[in-house]
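Read-outs: derived from the displayed coordinates by stated rules, not from any lab. Just so we're clear, the structure is a prediction, and the values are computed from it rather than from any experiment. Every residue, glycine as well, gets a Cβ built from its backbone with ideal geometry; the counts of neighbours run over all protein chains shown.
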Amino acid sequence: MTSSRPQVRTNLEVSELAKVLEVNLQQGQELRPQRSLGIGVYYDVGGLKLPESKMYLLADVGILKVTGHVAFPSCPICGTLDLAVDVRCPNCLGTDLAKVDLVIHYECHYSDDISRFRTEHGELVCPACSRSLKTVGIDYGRPGIGYSCNACNNKFQFPVYKMTCRNEHVMRLDELALIRVPIFKYTASPPVGRYELLAIIARELEKRLPNASVEQFVSRKGVLSSKEYLIPLLVEGAKERIAVTVIDEEVTAFEQLTIVMEMALDLGARFLVLMPESIERSLRASISSRTGSQLQSLEGIFSPRMLKVLTHRSTDPSAAALEVLPKVEREARES
């Protein structure tokens, strides 16, 4: 039979992290992602920098709830958030630039820093044609802060931005990728139904499938993207691995299902999605209205070989576990 140590350690870690949040946060307090060079994305909880993986662990047991997202620019090649910005001259691509307060003489089209136009008496005179500039908007324009290139003497408002990531990939501003990172809200009294449901199923599967490995809250790296995923329940048999997750919030059900689909494809693992019948019906109806065609099952929008939805009527975790357990066991045995 599989050792219970990984499960015990995970439970202990959840308990320890929950205590940190309890001491440092108020009910309903928002936790927004921050980023730092060399660290990446983290969440500041009383000075402790918690990575995304820890936050997802707490969200999975209901202590945190996703309330929105923040998009961070990232390298489209390697995905890192560690980016350096170079500001270059659009004429010669030089980097020896100075910020200037631009003035443009409309008649001769000369532009330069305002200091080049101002005389010792405080008047404005064009250094190119020596004409006096009297009225802004008629004789001359003041577009605001611009740049001057010391290499080619070009004056301009909009420089060329070049980004370089820590792995030395170079990209333009319009080539940047975006990574959406969740905003969490702390709930001091977490809904434990999801966690209890998975815990009951995990304990029963360990008894019924002595030759399989049964673990909760397992971290796995994507085959295609190398992204780290947290799997709520993983059952690894002789031939295949089955991942089990729960969708029990109707408001975010569509987004959660989309994430599960991405995980299934990236990890090459089959996912069993447990959800109440009411949410399954609502989600199917929502997708049908978006696509304009009647959806008979949620598996219809993804390969049934990679994803299967198992529904239950009861809202009580113990009763719901009894409903879906035979189906989960059958899927695990067939794998």
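In this calculation the C-beta distance from residue 239 to residue 289 is compared with R0 = 41 Å, giving a FRET efficiency of 0.60. Close amide-amide hydrogen proximity is noted between residue 217 and 233, 234, each under 5 Å apart and 5 or more residues distant or on a separate chain (H modeled in the peptide plane; Pro and chain starts excluded). Spacing of the modelled spin labels on residue 101 and residue 139, each 7 Å from Cα toward Cβ, amounts to 1.7 nm.
Couplings for region 69-84, taken from phi via the Karplus curve 6.51 cos²θ - 1.76 cosθ + 1.60 with θ = phi - 60°, read 9, 10, 9, 10, x, 9, 5, x, 8, 10, x, 5, 9, 7, 10, 10 Hz in order; Gly and Pro are left as x. Straight-distance candidates among the lysines for linking to residue 19, with alpha-carbon spacing under 17 Å and chain neighbours fewer than 8 residues away dropped: 49, 54, 65, 185. Go ahead and estimate [θ] at 222 nm for the chain from helices alone: -39,500 (n - 2.57) per DSSP H run with n ≥ 4, summed, over the residue count, rounded to 500. It lands at -9500 deg cm²/dmol. Entry note, region 185-335: relative contact order of 23 percent, from Cα contacts under 8 Å with a spacing of 6+ residues. A straight chain from residue 115 to residue 34 at 0.36 nm per residue would run longer than the Cα-Cα distance by 25.1 nm. In plain terms, the chain from residue 249 to residue 297 could stretch by 15.4 nm, reckoned as 0.36 nm per residue minus the Cα-Cα distance. The length gained on full extension between residue 228 and residue 158, counted as 0.36 nm times the residue separation minus their Cα-Cα distance, comes to 21.4 nm. Only lysines eight or more places from residue 134 in sequence, or on another chain, were considered; those with a Cα closer than 25 Å are 99, 155. Annotation for residue 44 and residue 180: the two label points, set 7 Å from Cα along the Cα-Cβ direction, are 2.6 nm apart.
Under a cut-off of 19 Å between alpha-carbon atoms, report the aspartates and glutamates in cross-link reach of residue 221, not counting same-chain residues fewer than 8 places apart. Output for residue 221: 52, 60, 236, 240, 262, 266.
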